[in-house]
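Okay, structure first, notes after.
The values are calculated or read from the model by the stated rules, or taken from the named source; none is laboratory data. Keep in mind it's a predicted model, so treat the numbers as computed, not measured. Note: ideal-geometry Cβ built from the backbone for every residue, glycine included; neighbour counts use all protein chains shown. Note: areas computed on protein heavy atoms with side chains; ligands, DNA, RNA excluded. Shrake-Rupley method; radii C 1.70, N 1.55, O 1.52, S 1.80 Å.
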Amino acid sequence: TLSSMYLKLMFSRPVAFAQIGKSWFSSHSLIGNKNIILMGPPGAGKTTVGRIVGQKLDCPVIDVDDDVLETTWNMSVSEKLQDVGNEQFLEEEGKALLKISASGSVISLTGSNPMHAAGMQHVKKNGIVVYLDVPTAVIMHRLKLMKVDRIVGHGSGMSLKDILQFRKQFYQRWHDIRVLYGGEITAEAIAEKVLDAVKRYQNSELETFISTRSSGSGNCKQKDSAKYFSDVVTEGLAPDGGLFVPGSGLPKFTAGEWQSLIEATYAERAQVILERCIHPADIPASTLGEIIGTAYGENFTCSKIAPVRHLTGNQFLLELFHGPTASFKDFALQMMPHIFAYCVPRSCNYLVLVATSGDTGSAVLDGFSRLHDTDKQRIAVMSFFPEDGVSQIQKSQMIGYQKENAWSVGVKSDFDFCQTAIKQIFTNSDYTGFLTVEYGTALAAANSINWARLIPQVVYHASAYLDLVHQDIIAFGSPVDVCIPTGNFGNILAALYAKMMGIPIRKCICASNENNVLTDFIRTGIYDLRGRRLIPTLSPAVDILKSSNLERYLHLIANGDGQLVTQLYNQLENQGHFQLQKDLLEKLQQDLVAGWCSEEDCLAAIHSVYSTTGYILDTHTAVAKVVADRLQDRTCPIIISSTAHYSKFAPAILKALRIAEIKQSPLSQLHLLNSYSPLPPVHWGLLETLKKNENEDHQICAADTSMLMSRIEALIQNHFM
């Protein structure tokens with residue numbers, strides 16, 4: 001049979017079952033009466049791995065090809081396929097699957113079993129489906145070695161590669177856990193990975209979260225106080241004012257596992273990475289796949305989602321502006337609302353609060369407005385932005401993206417006030433308790449203080465590196481630097497997390513504008529807000545003095561010392577400054593370097609790049625370009641995060657390009673820019689939004705936390721009551 005041929009040829013040497021020592025696992029303790037169901041393409045090694053897993057667990061092994069199909073049909077699989085043809089074969093195969101009745105066993109499926117829905121529903125009822133995920137190129141190579149040139153589905157005008165790609169959707173639909181192929185790996189090693197994956201699946205209590213200000217270390221020790229992924233998504237901010245982080249740290253990928261994703265699409269990379277970061281007890285793999293498919297679908301204007309473009313010399317741009325609101329915030333906020341809606345209890349209404357320095361506002365409003373209608377009735381969002389601290393187009397976007405469950409409020413202050421006020425509101429237990437009792441409504445956060453905002457950003461930093469490998473710019477393992485315009489420290493923290501997970505990032509370059517508190521801190525270890533006033537600049541998204549996500553990084557380099565983090569942030573709150581001890585500063589400077597850019601240099605960089613390449617940088621990317629030019633040593637490629645589309649900052653761009661001094665409407669500004677046939681083109685989403693919403697209005701509020709609380713209560717009354 002085809003199956004037995006796979007068994008003989010899959011691995012370079014026969015498996016000596018007698019030599020495989022029993023691990024500490026037992027069938028009863030690990031799976032009880034459930035089955036382990038191995039699924040994957042033909043050539044993935046399901047039969048061989050299944051036998052090894054069964055040997056280790058001392059439990060029965062069922063190979064669907066040999067033990068079910070051929071026994072039922074009294075003929076070989078290849079003979080049956082030849083006899084009845086593709087469509088009837090799948091039906092007959094599915095009927096045979098429906099007859100399986102087993103418990104506490106290892107079942108190795110055929111490559112085509114997952115294409116029969118009823119059969120898969122039957123076996124999944126009493127089983128944990130493990131997807132042996134092997135890259136299509138590797139499977140093609142294996143099948144060629146085995147001289148297999150026909151599998152179920154052939155003859156329909158599709159190539160072997162097309163059929164293998166087509167089948168992936170079924171594997172994605174049915175799997176509970178994934179075992180990722182990682183380079184040259186033995187069947188025994190894959191079997192151990194299967195057992196590890198099953199153990200993780202069965203033990204969600206191993207993946208809990210702690211506060212950056214927690215006095216304990218590691219995972220939460222008391223089960224009743226443990227916080228899981230779904231909890232931290234719902235709560236946003238820890239009760240003690242700290243930020244949630246994984247108690248056991250981030251998952252690690254081997255070099256081989258990363259290399260298996262080189263040929264993958266952006267959505268496929270996102271699925272694999274996020275499955276490791278989110279326990280299936282919180283979001284099942286199939287549901288996560290649906291969320292990712294929705295997030296990174298037709299709402300992005302580029303099929304590559306986050307393409308990497310060569311700029312000049314050793315500099316590459318990671319274009320993060322192809323989402324619906326034209327900034328990098330779309331990567332998290334096209335996903336996060338759906339994650340939030342899935343995780344939060346349906347017994348309560350939720351009002352999501354967000355403070356924005358520009359880009360987050362429109363992204364969060366757009367993301368939450370895309371929820372299903374039933375979810376919109378129980379989940380609303382309110383965005384607070386500095387009334388005079390964002391670009392005119394950013395403000396027009398936020399006003400334009402207001403929907404039945406999404407509102408914008410301009411605050412007569414700066415971003416730091418908005419962010420601090422929201423934190424104060426969250427930690428005001430009397431107020432939040434009142435909202436819950438009186439209105440049945442809980443508050444939640446959508447800023448990057450929410451863990452669900454951060455982890456999707458890890459994906460694009462990893463994906464950018466893999467794209468450079470795929471384009472033969474570098475070999476896997478060669479280092480790159482990244483340069484990121486930084487205000488709230490979330491984007492650069494995601495790059496640091498990607499590095500921790502195994503992406504060979506050498507240095508993260510923190511690029512500031514004239515609000516250069518982070519540059520000073522990274523150079524000196526002194527975080528000092530005394531005497532500093534926020535300076536409005538042409539790059540408003542990084543006009544920030546209090547960088548929230550820096551707290552997560554300090555907790556990381558302090559080896560989880562929550563008491564130290566609490567001490568530092570209490571000192572910052574009370575005295576306006578803190579200083580790192582020498583050993584922590586040395587650790588920080590192993591990861592980070594920093595520089596800042598003046599307004600004049602920002603505009604000059606936009607003009608220079610356009611003059612030499614025809615490409616237009618937005619103001620934030622220009623800040624990063626200036627800093628990258630100064631700090632890079634040119635010994636490796638540098639990936640500059642292009643965090644927003646230049647269309648959002650049309651007046652500054654027109655000034656930089658010396659086109660005209662204009663005092664026109666935002667829509668007129670975009671039309672003027674578009675007339676120059678720029679590269680990349682003017683963002684379609686911005687044009688459409690401004691066309692529809694030129695005369696929309698919004699609420700404006702004084703810089704008073706009690707006033708913000710009154711607005712929140714009024715909104716709750718109007719929407720939920």
Which value, in Å² rounded to 10, gives the accessible area of ARG276 with a 1.4 Å probe and all protein chains present?
60 Å²
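If you count, for each residue, the other Cβ atoms within 10 Å and average over each peptide, how do 381-390, 266-275, 670-679 line up from highest to lowest?
Values: 381-390: 24.3, 266-275: 21.5, 670-679: 14.7.
Highest to lowest by the protection proxy: 381-390, 266-275, 670-679.
Pull out a ≥ b ≥ c, the square roots of the eigenvalues of the alpha-carbon gyration tensor of the range 68-168, then state rounded if a/c is under 1.5, prolate if not and a/b is larger than b/c, and oblate in the remaining case. Spell out each step's value before the answer.
Working: a/c = 1.82, a/b = 1.30, b/c = 1.41.
Since a/c reaches 1.5 but b/c is at least a/b, the shape of the range 68-168 is classed as oblate.
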How about LYS95: which lysines have a C-alpha closer than 26 Å to its C-alpha, ignoring those fewer than 8 places off in the same chain?
LYS34, LYS46, LYS80, LYS124, LYS125, LYS168
For SER225, what accessible area in Å² do you get when you roll a 1.4 Å probe over the heavy atoms of the protein chains, rounding to the nearest 10?
50 Å²
Compare the Cα positions of ILE190, GLY54, VAL106 along the charge dipole of the range 35-203 (+1 at Cβ of Lys, Arg; -1 at Cβ of Asp, Glu; about the Cα centre) and return the one farthest towards the positive end.
ILE190
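Counting only protein chains, not ligands or nucleic acids, how are HIS470, HIS698 ordered by accessible area (probe 1.4 Å), most first? If you can, show how the numbers build up before the last one.
Working: HIS470 90, HIS698 30 Å².
Sorted by accessible area, descending: HIS470, HIS698.
Indicate the gyration tensor shape class of the range 185-303 (rounded, prolate or oblate), computed on the Cα atoms with a ≥ b ≥ c the square roots of the eigenvalues: a/c under 1.5 is rounded; otherwise a/b larger than b/c is prolate and the rest oblate.
Working: a/c = 2.15, a/b = 1.30, b/c = 1.66.
Because a/c hits 1.5 or more and a/b fails to exceed b/c, the range 185-303 counts as oblate.
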Give me the log10 of I(q) over I(0) for the range 35-203 at q = 0.11, 0.13, 0.14, 0.17 Å⁻¹, as the Debye formula computes it from C-alpha points; what are the numbers?
-0.42, -0.59, -0.70, -1.06
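Tally Lys and Arg at +1 and Asp and Glu at -1 over the other residues with C-beta under 10 Å from the C-beta of GLY490: what net charge comes out?
Result for the local shell: +3.
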Mind giving me the nanometre distance, one decimal, between the label points for GLU87 and GLN392, set 7 Å out from Cα along Cα→Cβ?
6.1 nm
Sort 473-480, 450-457 by packing, meaning the average of other beta carbons within 10 Å per residue, with the highest value first.
450-457, 473-480
Approximate spin-label separation GLU263-ALA660, in nm, with each point projected 7 Å along Cα-to-Cβ:
5.2 nm
Can you give me the angle between helix 429-439 and the longest principal axis of the chain, using Cα atoms only, in degrees from 0 to 90, rounded to the nearest 10?
70 degrees
Centroid-to-centroid separation of the range 500-561 and the range 332-352 [C-alpha atoms, Å]:
29 Å
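Quick one: length gained pulling GLU404 to ALA117 fully straight, 0.36 nm per residue minus the C-alpha distance?
Values: separation 287, 0.36 × 287 = 103.32 nm, distance 3.79 nm.
The span from GLU404 to ALA117 would gain 99.5 nm if fully extended.
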Computed, not fitted: 222 nm per-residue ellipticity of the chain from DSSP H runs ≥ 4 (each -39500 (n - 2.57)), nearest 500, equal to -13500 deg cm²/dmol
Is the shape of the chain best called rounded, prolate or oblate, per the rule: a/c under 1.5 gives rounded, else a/b larger than b/c gives prolate, else oblate, with a ≥ b ≥ c the square roots of the Cα gyration tensor eigenvalues?
prolate
Exposure ranking of ASP373, ASP472 by accessible area [1.4 Å probe, largest first]:
ASP472, ASP373
1/(1 + (r/R0)^6) with r = Cβ-Cβ of ALA102 and ASP472, R0 = 45 Å, i.e. FRET efficiency to nearest 0.05, evaluates to 0.40
Would you rank THR612, THR436, THR486 by solvent-accessible area, highest first, keeping every protein chain in place and using a 1.4 Å probe?
THR612, THR436, THR486
Using Cα positions and a limit of under 19 Å, work out the lysines in reach of LYS395, with same-chain residues fewer than 8 apart set aside.
LYS329, LYS403, LYS412, LYS648, LYS663, LYS691, LYS692
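How charged is the neighbourhood of THR136? Take every other residue with its Cβ under 14 Å from the Cβ of THR136, and add Lys/Arg as +1 and Asp/Glu as -1. Let's see the in-between values first.
Working: positive: ARG142, LYS144, LYS161, ARG167, LYS168; negative: ASP133, ASP162, GLU263, GLU268.
Net charge around THR136: +1.
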What accessible surface, in Å², does a 1.4 Å probe find on TRP596, ignoring ligands, DNA and RNA and rounding to the nearest 10?
90 Å²
Relative contact order (percent) for the range 533-606, with alpha-carbon contacts under 8 angstrom and 6 or more residues of separation?
22 percent
Surface accessible to a 1.4 Å probe, per residue, for the residues of the chain, Å²:
38 Å²
Cα-Cα P(r), the range 403-442, percent of pairs per 5 Å interval:
5, 19, 17, 21, 25, 12, 1
Backbone N within the range 350-365 under 19 Å of label point (7 Å from ILE700 Cα along the Cβ vector):
356-358
Give the residue from HIS719, GLY127, GLN419 lying farthest towards the positive end of the charge dipole for the chain; charges sit on Cβ (+1 for Lys and Arg, -1 for Asp and Glu) and the dipole is referred to the Cα centre.
GLY127
What is the range 35-203's relative contact order, in percent, from Cα pairs under 8 angstrom and six or more apart in sequence?
33 percent
Could you work out the local net charge near ILE503, counting Lys and Arg as +1, Asp and Glu as -1, over the other residues with Cβ closer than 15 Å to its Cβ?
+2
Among ILE616, VAL77, ILE639 - extreme Cα towards positive end, dipole of the chain, charges at beta-carbon:
VAL77
Note down the nm distance, to one decimal, between modelled labels 7 Å out along Cα→Cβ at SER347 and at ASN570.
3.6 nm
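Ranking request for peptides 629-642, 247-260, 490-503: highest mean number of other beta-carbon atoms within 10 Å first, then the rest in descending order. Spell out each step's value before the answer.
On the way: 629-642: 19.4, 247-260: 16.9, 490-503: 23.7.
Highest to lowest by the protection proxy: 490-503, 629-642, 247-260.
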